[in-house]
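As structure tokens, the structure follows; a few thoughts come after it.
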Amino acid sequence: MNNAKLWILAEQFEGEILKVSYELLGRAKDLSKKKNCQVAAVIFGANLGDAELQKLIDRGADFVLAIEAPELKHFDNEAYSRCMLGMIDKYEPEIIIAAATSTGRTLMPYVAMTAHTGLTADCTVLDIDEEGKLLQTRPAIGGNIMATIRTQGFMPQMATVRPHSSKPAAPVEGRVGEIVRVDGNDFDLSSNIKRKELVLSSEELQLQEADKVVIVGRGIKRAENIKLIRELCDLLGAALGATRDVVDRGWLSYPHQVGLSGKTINPKLCVSIGVSGAIQQLAGMQTAENIIAINKDPEAQIFKVADIGMVGDLFEIVPVLIAKLKNGESL
Ligand SMILES: Cc1cc2nc3c(=O)[nH]c(=O)nc-3n(C[C@H](O)[C@H](O)[C@H](O)COP(=O)(O)OP(=O)(O)OC[C@H]3O[C@@H](n4cnc5c(N)ncnc54)[C@H](O)[C@@H]3O)c2cc1C
């Protein structure tokens, strides 16, 4: 573990590694090459299977630091942070990156504050400079500039990155690494947090995992018209996203919001309807593989990122698309 200067925080649910962990390993691969160091994936849980942990090694971890106890099965900030701080003291990593999930967003600031170091949240780009320091880039001032931050003189250098803002590392079968199991009971696992029940929001889950997403903007004009877009979503098998304007007006709920202050998505297909393409909105969807945009304004910014642009009234275009899909044609 001594040369594992770069750590990622892997996440699991019910013992299964979450995809976001592989996205972090994708980033770690490039960074570790530049830093000339090994990568450790830190993961919390209870009785994690070897085969599941091996998946982290297959995707680039040289070490898996599995901290386990029944109390660590689900995220608990108090217990997780004590373990994490203990491991930082022992192994002295230089860089720790986590996903900006609710776990990463809660644990990382607490650990950074207690370890007396800095943290840059919601980075979009990470790099290593000539001194081996982490360059942490994120949108600032309402998304109008990109700021690059260096943690001067404090260790570890810590950052969170938005889920779905990079591609997961591909597995390399038979890759060799070491699983280091740590008994969580070596740490104080007491907590004031009591877990009562877990209620998953299905729509929220769908949006970030979906291969196809339709994003609706203010051009839809009123809440009742969203049923037209839902019909298109059903026929396409797509999840429904929205701009902040649509959410602010109460036409759809916040879990649908895509963008700087909402979710980042990278589906195979993103259909953008009545969306102007403001920089803060594009920040959440511009990594989609294929973008189709429908807007009546030929000058709309959304057309700058679109692979296919349709200039016209959405209330004329969308019913035609719906009719074609009903006829068994594809987009
Ligand atoms: C700090 C900060 C964070 C932000 N975070 C986010 C974020 O996370 N997500 C986000 O979306 N925004 C965010 N915003 C807001 C963002 O700047 C824009 O205001 C917002 O994205 C605009 O939403 P819109 O495209 O729905 O509306 P508009 O900009 O009003 O665009 C509506 C579009 O619909 C088109 N249109 C109108 N009628 C029709 C029709 N009949 N047929 C076809 N097209 C039509 C118009 O030509 C227009 O281009 C943020 C802003 C700030 C300052």
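Taking a ≥ b ≥ c as the square roots of the eigenvalues of the Cα gyration tensor of the stretch 202-326, is the shape rounded (a/c under 1.5), prolate (a/b larger than b/c) or oblate?
In terms of gyration-tensor shape, rounded.
May I ask you to derive the FRET efficiency for residue 199 and residue 130 from their Cβ-Cβ distance with R0 = 35 Å, giving the value to the nearest 0.05?
Efficiency for this residue pair is about 0.15.
Can you list the HN-Hα couplings for the stretch 62-77, worked out from phi with the Karplus curve (6.51, -1.76, 1.60; θ = phi - 60°), rounded to whole Hz and with x for Gly and Pro?
7, 10, 10, 9, 9, 9, 10, 5, x, 5, 9, 4, 10, 4, 9, 4
Using only alpha carbon pairs under 8 Å that are at least six residues apart, calculate the relative contact order of the stretch 202-326 and give it in whole percent.
Computed value for the stretch 202-326: 25 percent relative contact order.
Given a Förster radius of 56 Å and the C-beta distance between residue 188 and residue 230 as r, what FRET efficiency does 1/(1 + (r/R0)^6) yield to the nearest 0.05? Don't skip to the answer; put the middle values down first.
Numbers: r = 49 Å, r/R0 = 0.88.
E between residue 188 and residue 230, to the nearest 0.05, is 0.70.
Which trypsin sites (Lys or Arg not before Pro) does the stretch 256-330 hold that lie in a coil by DSSP with at most 16 other beta carbons within 10 Å?
268, 296
Can you figure out the FRET efficiency of residue 172 with residue 297, using R₀ = 51 Å and their beta-carbon distance, to the nearest 0.05?
With a Förster radius of 51 Å, E is 0.65.
Can you compute the modelled spin-label distance between residue 47 and residue 304, with each label point 7 Å from Cα toward Cβ, in nm?
Those two pseudo-labels are separated by 5.4 nm.
Can you compute the radius of gyration and Dmax for the chain, using only the Cα atoms, both in Å?
Radius of gyration, then largest Cα-Cα span, for the chain: 21.6, 65 Å.
Can you give me the % of accessible surface on the stretch 72-187 that is carbon or sulfur? Probe 1.4 Å, all protein chains present, nothing else counted. Don't skip to the end; give the middle numbers.
Working: 2990 of 5500 Å².
In the stretch 72-187, the share of accessible area belonging to carbon and sulfur is 54 percent.
Under the Karplus relation 6.51 cos²θ - 1.76 cosθ + 1.60, θ = phi - 60°, what is the ordered set of whole-Hz ³J(HN,Hα) values for the stretch 245-259, x standing for Gly and Pro?
4, 5, 6, 4, 7, x, 6, 9, 7, 4, x, 7, 6, 10, x
On average, how much accessible surface per residue is there in the stretch 75-217, in Å², for a 1.4 Å probe, leaving out ligands, DNA and RNA?
Spelled out: the 1.4 Å probe surface of the stretch 75-217, per residue, equals 53 Å².
From the phi of every residue in the stretch 273-286, what ³J(HN,Hα) in whole Hz does the Karplus formula 6.51 cos²θ - 1.76 cosθ + 1.60 yield, where θ is phi - 60° and glycine or proline is x?
Computed from phi, the couplings for the stretch 273-286 are 10, x, 10, 6, x, 4, 4, 5, 6, 4, 4, x, 9, 6 Hz.
Lys pairs in the stretch 202-326, Cα-Cα under 21 Å, at least 8 apart or on separate chains: how many?
Count of close lysine pairs: 15.
Would you pull out the residues with amide H under 5 Å of residue 119's amide H, same chain only if 5 or more places away, H placed 1.01 Å from N?
Hits under the 5 Å cutoff: none.
Leaving out ligands, DNA and RNA, what percent of the accessible area of the stretch 188-316 is carbon and sulfur, probe 1.4 Å?
Summing carbon and sulfur atoms, their accessible area is 48 percent of the total for the stretch 188-316.
For the stretch 259-331, what is one quarter of the convex hull surface built on the Cα atoms, given in nm²? Let's see the in-between values first.
Working: hull surface 19.3 nm².
With the hull built on Cα positions only, its mean projection is 4.8 nm².
So how much slack lies between residue 110 and residue 253, counting 0.36 nm per residue of separation and subtracting their Cα-Cα distance, in nm?
Using 0.36 nm per residue and subtracting the Cα-Cα distance, I get 48.6 nm.
Need one number: % antiparallel among DSSP beta bridges in the chain, to the nearest 5.
Working: 11 of 58 bridges.
In the chain, approximately 20 percent of DSSP beta bridges are antiparallel ones.
Can you list residues from other chains, or at least 5 along the same chain, whose modelled amide H is less than 5 Å from the amide H of residue 64?
Distant-sequence amide H within range of residue 64: 41, 178, 179, 180.
Report, to the nearest whole %, how much of the accessible area of the stretch 1-46 belongs to carbon and sulfur atoms, 1.4 Å probe, protein only. Can you show the working numbers first?
Working: 720 of 1710 Å².
Of all accessible area on the stretch 1-46, carbon and sulfur atoms account for 42 percent.
Give the lysines whose C-alpha is closer than 20 Å to that of residue 35, dropping any in the same chain fewer than 8 places away, or say none.
5, 133
How do 178, 130, 197, 231 rank by accessible surface area computed with a 1.4 Å probe, from largest to smallest?
The residues order as 130, 197, 178, 231, largest area first.
Leaving ligands and nucleic acids out of the surface, order 186, 127, 122 by accessible area at 1.4 Å, largest first.
On the way: 186 115, 127 50, 122 25 Å².
The residues order as 186, 127, 122, largest area first.
Express in whole angstrom the spacing between the alpha-carbon centres of the stretch 127-171 and the stretch 1-67.
Between the Cα centres of the stretch 127-171 and the stretch 1-67 lies a distance of 18 Å.
Amide H neighbours of residue 215 under 5 Å, at least 5 residues apart or on other chains, H built in the peptide plane: list them.
Residues meeting the amide H criterion: 241, 271, 272, 273.
The values are calculated or read from the model by the stated rules, or taken from the named source; none is laboratory data. On a predicted model such as this, the values are computed, not experimentally measured, just so you know. Counting neighbours? That spans all protein chains shown, and the Cβs are built from the backbone with ideal geometry, glycine included. Heavy atoms of the whole protein, side chains included, go into the accessibility calculation; ligands, DNA and RNA do not. Shrake-Rupley method; radii C 1.70, N 1.55, O 1.52, S 1.80 Å.
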